[in-house]
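Asker: Input: one structure, supplied below.
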Amino acid sequence: MARKSPRSRRRPPAASSLPKSRRSRATPGRARAARSRTGAARHAKGAAPRRTATVKAPPRPRTTKPRATARRRRFTPPTPERVAAILATLERLYPEATTALDFGTPLQLLIATILSAQCTDDRVNRVTPALFARYPDAAAFAAARREDLEALIRPTGFFRNKTKAIMSCCADIVARHGGEVPRTLEALTALHGVGRKTANVVLGNAFNVPGLVVDTHVGRVSRRLGLTAEIDPVKVEFALMQVVPRERWTRFSHWLILHGRRVCVARKPRCSLCPLAPHCPRIGVTTSA
């Protein structure tokens with residue numbers, strides 16, 4: 001008997017190896033069809049269909065803490081009577097309010113104000129005695145060796161940027177104003193490194209020219225008091241100019257700075273101890289002490 005060749009003994013290809021056509025998503029699969037048949041059978045026998053148990057979330061406990069939205073109030077322009085009451089209270093609380101920076105000349109106040117950016121006044125006052133002894137005038141600052149000046153003001157932070165601002169500012173004072181600090185807002189803000197805040201500090205405290213200084217404390221407290229709704233410091237300054245009498249601009253800035261440091265602090269103001277509470281709408285305050 002002749003033997004079959006190995007090729008003839010091979011099995012024919014199975015039908016399952018052929019490519020299958022994809023079923024559409026609307027066509028139920030085997031498991032879905034089986035579940036449908038089981039459900040139909042149970043319904044025919046009168047059995048109740050299965051229901052999946054839903055687990056309810058436990059009720060949230062009630063807290064006595066007031067909601068954050070409780071203090072969200074719309075800004076309304078302050079009345080002259082309320083402004084007058086606020087000014088009278090601040091004047092009674094801080095009768096001797098003045099700048100905390102130590103200075104002897106307008107130039108020293110200008111330099112100290114530049115150094116006070118992102119730094120406490122106390123630290124600036126510890127740096128300036130040696131600084132002013134080494135550089136007595138604008139010409140000395142303009143001709144200073146950069147490395148030496150940076151070493152002296154390093155404790156105030158951002159010393160490289162501050163060194164650049166001081167040297168450029170003093171160079172402008174020497175070239176444009178004969179070494180004397182100018183007495184107008186326009187001339188001061190034209191100096192390199194001098195903005196409206198620094199210029200108003202110099203005008204109000206060195207030359208007795210009224211100026212509104214808007215720092216973080218003044219902006220925060222004035223918004224909480226409902227004196228302005230602006231955020232930008234320049235816009236806050238112009239808004240307060242329309243509310244506060246001009247002769248009180250400088251003192252008003254000192255009052256709000258002290259009040260913002262001692263009572264109306266940023267995170268948790270001490271509203272229960274604040275004498276301004278009867279006149280304050282507490283705009284934006286969500287929690288207080």
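We did not get these values from a lab; they are worked out from the coordinates using the rules stated. Every value quoted in this text rests on a predicted model; they were computed, and no experiment measured them. Please note: Cβ atoms are built from the backbone with ideal geometry, for glycine as well, and neighbour counts cover all protein chains shown.
Asker: Quick query: amide H of G195 versus all other amide H atoms, modeled in the peptide plane; which residues come in under 5 Å with a sequence gap of 5 or more or a different chain?
Answerer: Close amide H contacts, sequence-distant or interchain: none at all.
Asker: So how do 211-219, 223-231 stack up, highest first, on mean other-Cβ count within 10 Å?
Answerer: 211-219, 223-231
Asker: Give me a comma-separated list of calculated 3J(HN,Hα) values for region 109-122, in order, Karplus coefficients 6.51, -1.76, 1.60 applied at θ = phi - 60°, integers in Hz, x for any Gly or Pro.
Answerer: Values per residue, Gly and Pro as x: 5, 4, 5, 5, 5, 4, 6, 6, 5, 6, 8, 7, 5, 4 Hz.
Asker: I've got another one for you. HN-Hα J couplings of region 206-216 from phi, Karplus 6.51/-1.76/1.60, θ = phi - 60°, integer Hz, Gly and Pro as x?
Answerer: 9, 10, 6, 9, x, x, 9, 8, 10, 10, 5
Asker: Let me ask another. Among L273, V218, A239, which residue has its Cα positioned farthest towards the positive end of the charge dipole of region 79-279, with +1 placed on the Cβ of Lys and Arg, -1 on the Cβ of Asp and Glu, and the dipole taken about the Cα centre?
Answerer: With unit charges placed on the Cβ atoms, the residue in question is L273.
Asker: May I pose another question? What's the local net charge at V174, with K and R +1, D and E -1, over the other residues with C-beta under 15 Å away?
Answerer: -2
Asker: To continue, here is another question. For a label point 7 Å from the Cα of A100 along Cα→C-beta, name the residues of region 195-225 whose backbone N is under 12 Å from it.
Answerer: 217
Asker: I want to check the label-to-label distance for A187 and R145. Put each point 7 Å from Cα in the C-beta direction and report it in nm to one decimal.
Answerer: 3.4
Asker: Right, something else. Can you pull the one-decimal nm distance between simple spin-label points at F207 and R267, each 7 Å off the Cα toward Cβ?
Answerer: The answer from the label model is 4.1 nm.
Asker: Rank the residues R123, R251 as a footprinting-exposure proxy: fewest other Cβ atoms within 10 Å of their Cβ go first.
Answerer: R123, R251
Asker: With the crude spin-label approximation of a point 7 Å out along Cα→Cβ, what separation in nm comes out for D121 versus T286?
Answerer: With each label point 7 Å from Cα toward Cβ, the separation is 3.1 nm.
Asker: While we're looking at this one, here's another question. Check which residues have an amide H placed less than 5 Å from I283's amide H, if you skip close sequence neighbours.
Answerer: Residues meeting the criterion, in which the H sits 1.01 Å from N, are G226.
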